[in-house]
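Q: If you scroll down you'll find the structure; I have some questions about it.
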Amino acid sequence: MKLLHWFTIAMATILVSCIKDDVADSSSLISEGDHLPKFTIIMNDGIFLSTGELAGAPSVIMLFTTKCPDCRRELPVMEQLHRLRPELRIVCIAREENAYEIADYWRENGLTLSYSSQPDRKIYNLFATETVPRTYIADSHCIVTATFDDTTLPTLEQLLQLTESA
């Protein structure tokens, strides 16, 4: 009986944190043609990063949680992009996840991307109201040129093409 109780709780947690919600496209607050919202975050290496520092080159912003199956599929794609285009600024921002959880996941999966742990949805709420992963491609002027959510995960080929032309 106790096992069934824990299984039910675990499944509910997965369903709530994952993230194939049936939410209309209006859950994104940022669309193609919009400026990236203004934010400042601390990356896992201690570096402060603000929106203004992304100007001058294309960037990719991915909002994620390591508990999300779609995010787990997309993070290795971002890692591949990072290895193929090390000069590209790829910013991974967690939604309601602490640094220890992320560091463990990164280590277990051989990820080298920088990330910003966020204990809440403060940064996430600048971009959207529901669902992860969310990926935003921005040009050198911080104008969003493409968006992806949990219903349209970008492929490596798409990311390469979109960041080349951004």
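Q: Of the conditions (1) within 24 Å of GLU157 (Cα to Cα); (2) modelled with pLDDT of 50 or more, MET43 satisfies every one except a single condition; which number is it?
A: Unmet for MET43, out of (1) within 24 Å of GLU157 (Cα to Cα); (2) modelled with pLDDT of 50 or more: (1).
Q: Having 1 or more residues that are open to solvent by 10 Å² or more (accessible area, probe 1.4 Å) and under 18 Å from LEU36 (Cβ atoms) is the bar; report the helices (runs of 4 or more DSSP H) wholly within the stretch 48-166 that clear it.
A: It comes to 124-127, 156-165.
Q: Same structure again: If you check ILE9, ILE19, which single one turns out to be buried (at least 19 other Cβ atoms within 10 Å of the Cβ) and modelled with pLDDT under 95?
A: Just a single option satisfies the conditions, and that option is ILE19.
Q: Oh, and also: I'd like to check something: does the stretch 72-81 contain any residue that is within 21 Å of ASN44 (Cβ to Cβ) and over 13 Å from the mean Cα position of the chain (by Cα)?
A: Within the stretch 72-81, one or more residues are within 21 Å of ASN44 (Cβ to Cβ) and over 13 Å from the mean Cα position of the chain (by Cα).
Q: Taking only pairs six or more apart or across chains, which ones have beta-carbon atoms under 7 Å, a first residue in the stretch 113-127 that is more than 14 Å from THR40 (Cβ to Cβ), and a second residue that is among the basic types (Lys, Arg) and surrounded by 16 or more Cβ atoms within 10 Å (Cβ to Cβ)?
A: Taking only residues 6 or more apart or on different chains, the pairs are ARG121/ARG95; TYR124/ARG95; PHE127/ARG134.
The values are calculated or read from the model by the stated rules, or taken from the named source; none is laboratory data. Computed from a predicted model, the values in this text were never measured in an experiment. Reconstructed Cβ throughout: ideal geometry from the backbone, glycine too, with neighbour counts over all protein chains shown. Accessible surface areas use protein heavy atoms only, side chains included; no ligands, DNA or RNA. Shrake-Rupley method; radii C 1.70, N 1.55, O 1.52, S 1.80 Å.
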